[in-house]
1. List every residue pair whose Cβ atoms lie under 9 Å apart, where the two residues are 6 or more positions apart in sequence or sit on different chains, the first residue falls within the range 155-176 and is without any contact (Cβ under 8 Å) to a residue 24 or more places away in the chain and over 18 Å from Thr80 (Cα atoms), and the second residue, located anywhere, is of a type in the set (D, E, K, R) and surrounded by fewer than 24 Cβ atoms within 10 Å (Cβ to Cβ).
2. Of all residues in the range 193-227 being in contact with a Leu (Cβ under 6 Å, 6 or more places away or on another chain) and closer than 23 Å to Asp59 by Cα, which is surrounded by the most Cβ atoms within 10 Å (Cβ to Cβ)?
3. Can you confirm whether Ile94 is near the ligand (Cβ under 8 Å from one of its atoms) and closer than 23 Å to Lys67 by Cα?
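Values quoted throughout were computed directly from the atomic coordinates according to the rules given, and no laboratory measurement underlies them. Remember, predicted model here, so these are calculated numbers, not experimental data. Here the Cβ is made from the backbone with ideal geometry for all residues, glycine too, and neighbour counts use every protein chain on show.
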Amino acid sequence: MPPPKIIEKDNYVRVRHRMVETQLIPRGIKDKRVIEAMLTIPRHLFVPEEALWSQAYSDFPLPIGEKQTISQPYMVALMTEILELKGSEKVLEIGTGSGYQTAVLSMLAEKVCSIERISLLAARARKVLDSINCSNVVIRIGDGTLGWPEEAPFDAILVTAAAPEIPQCYIEQLNVGGRLVIPVGDIYTQVLTKVIKTAKGVIKQEMGGCRFVKLVGRYGWTNENTY
Ligand code: SAH
């Protein structure tokens, strides 16, 4: 499927350019398709509180309600670049949150399956994604630590919440040659980890430090309330 026809020009075009030029390119983001997506997707629409739109393109995460956050733009770009998407992939995303990362993925892959455990966030994300015509996205409400067996296998899996360890089902639900990106560590700091599935096993690479909200579920953190 061709990339979704997104986006009319909005008032934030220049701000997005500045975000790319000051936050992404100097830190080494190179993939032209990722840069194009970051220039195109109207990030402010995914920030539920309009009073925060003026900060939507700033170099930090922002609250989206339910104690969750929309990730920092650089982190979205970095994780997406690591997935090495070419356009024909089926991608699984865990932690839809605002839906912003979902929209970026939807421009770069054939189909995005995204799981969110908080139904209010899933509903909001769906609405914004529909409003910008991201028609190649399906969202499920549930525990993403189980993956999505009915939709597997995937060419890429992106987890946007922090896991104590890598749930085995993600490896099982990846195609050979597929990539998984997941923050792994304790609840304060994690290492962004890339896993490549090969015919002979998995290759793990550490891609730098990061800090995400918790992946809460059967194969993640079981207690929502510990910080
Ligand atoms: N990519 C999102 C990040 C949102 S924060 C964005 O930029 O907006 C991480 C999200 O993961 C939160 O919305 C949280 O509710 C969700 N989450 C945590 N554990 C989950 C689980 N087991 N399954 C699905 N979603 C989960």
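1. Val176/Lys197
2. Among those residues, the one meeting the criterion is Cys210.
3. The answer is yes for Ile94.
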